[in-house]
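Input: a single structure, listed below in structure tokens.
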Amino acid sequence: MVTIATLGSHSALNILAGAKDEGFKTLLLCERSRTFYERFSVADEIMYLNSLSEIKDPQLQETLIQKEVVLIPHGSFISYLDIDSLETEFTVPILGNKYLFRHESDRNLEREWFLRANVRIPRTFSPDEIDTRVIVKYHGAKGGKGYFTADTPQEFYHKQKENEEKAEIQIQEWIHGVTMYFHYFYSPLNRELELTSIDRRYETTADAVVSLPNREPTYVVVGNFPLAIRESLLEQVFDIGDKMVEASQTLHERGLIGPFCLETIITDKPEIVVFEISARIVAGTNIFVPYSPYSYAKYFEPMSAGRRIAREIREAVARGRLKDITT
Ligand code: AMP
């Protein structure tokens, strides 16, 4: 009997509550300090670790395999397990296609994916080409730390000098519009793309009530707002989702499996401009336990992202196809 497991962070409550909904045993791997998970009712078992990076330990992996664990990866999982060891040394089955995580972590590979999908993305510039407002991003930057904006090459060089970050940068066209994050689920069993929910992030200091002039906003995510999109735009939402799934199959033969998210900005055309992809569950789905307007219109029963994952695992087990949804 499969046990659904995840790391104690990010979307663990959502994932494990969904697993319980579908009748699975659940296991939480968790840092010692996070005893607050015991205050909830989602984990049948909690294994405490000194650090989440212990998940790499071969003996622990063997224990998890013995327990027939399917591990659900989330944002924290990817940051504790570097991508090289995930691809080569991690043998516990994980839900989804781990070979695509490299493409979400590296801005150049991510861009390649968008180009193959032919979705609208921000233009990129070299410093001397800047002829419009741009946002300057560091690779792998967490929470937009150190990002800055510029309108001209001169402003770019001036601000870059002041900035302490030395990492590689990408200069992107600044898109004027509002952010929307689309949460999808691609089912390899049904060969179908579903829209599970939509959110917008609550970012400090960008969403601070009083934004001080002449200060670059920061984008540290501290929460999420639920969103329903203007219904006529759903056509574009499914179109970009379908294109990303199709393009994923040219990057790796298995393509996207299960939950993923497109981070976008919607302009007043209105046009959806995609600026990032996450090839796994995102924390923005947490507000949709037990369901969203979109998952309700498909299932007419509670269906969170966590439950949708567990449902796919349940169906895969029943059809003897677990290998088709794990890597
Ligand atoms: P990211 O670290 O790429 O998730 O970006 C952090 C935040 O910066 C996003 O939530 C957006 O609010 C903003 N942002 C990112 N890229 C752009 C862009 N090309 N144009 C305008 N705003 C952006």
Going by alpha carbons, how many degrees (0 to 90, nearest 10) lie between the helix axis of 107-117 and the longest principal axis of the chain? 80
Just to confirm the number: angle between the C-alpha axis of helix 234-251 and the first principal axis of the chain, 0 to 90 degrees, nearest 10? 80
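Count charges around Ile130 for me, please; just the other residues with Cβ under 12 Å from its Cβ, Lys/Arg as +1, Asp/Glu as -1.
Combined, the nearby Lys, Arg, Asp and Glu give -3.
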Determine the percent antiparallel among the DSSP beta bridges restricted to the chain, to the nearest 5. 75
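What percent do you get for the relative contact order of the stretch 89-217 when only Cα pairs under 8 Å and 6+ apart count?
Reported as a whole number, the value is 19 percent.
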With the 1.4 Å probe rolled over protein heavy atoms, the stretch 124-173 has an accessible area per residue in Å² of 58
As a check on your grasp of the helix formula, calculate [θ] at 222 nm for the chain: sum -39500 (n - 2.57) over DSSP H runs of n ≥ 4, divide by the residue count, round to the nearest 500. -8500 deg cm²/dmol
How far is the Cα center of the stretch 159-195 from the Cα center of the stretch 223-254, in Å? 12
Placing +1 on each Lys and Arg Cβ and -1 on each Asp and Glu Cβ in the chain, then taking the dipole about the Cα centre, the residue among Leu251, Leu193, Tyr48 whose Cα reaches farthest towards the positive end is Tyr48
Accessible area expressed per residue, the stretch 220-327, with surrounding protein chains retained (probe 1.4 Å, Å²): 46
Using a 1.4 Å probe on the protein heavy atoms only, what accessible surface does Thr124 show? Give it in Å² to the nearest 10. 50
What whole number of Å gives the distance from the Cα centroid of the stretch 260-325 to the Cα centroid of the stretch 55-71? 26
How large is the convex hull of the C-alpha atoms of the stretch 41-105 per residue, in Å³? 99
Remind me, relative contact order of the chain in percent, using alpha carbon pairs under 8 angstrom and six or more residues apart? 21
For q = 0.06, 0.11 Å⁻¹, what log10 I(q)/I(0) does the chain give under the Debye formula with an equal point scatterer on each alpha carbon and no solvent? -0.21, -0.73
Accessible-area composition of the chain, carbon plus sulfur, in percent [1.4 Å probe]: 50
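Among 286-294, 273-281, 246-254, 226-234, how do they line up by average Cβ neighbours within 10 Å per residue, starting with the highest?
273-281, 286-294, 246-254, 226-234
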In degrees, nearest 10, the alpha-carbon axis of helix 153-162 is tilted away from the dominant principal axis of the alpha carbons of the chain by 60
Between their Cα atoms, which of Lys98/Lys243; Lys98/Lys269; Lys25/Lys145 are more than 29 Å away from each other? Lys98/Lys269; Lys25/Lys145
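The values are calculated or read from the model by the stated rules, or taken from the named source; none is laboratory data. None of these values were measured; they are calculated from a predicted model. Positions of Cβ are generated from backbone atoms using ideal geometry, with glycine treated the same way; all protein chains shown enter the neighbour counts. In case anyone asks, the SASA skips ligands and DNA or RNA and just uses the protein heavy atoms, side chains included. Shrake-Rupley method; radii C 1.70, N 1.55, O 1.52, S 1.80 Å.
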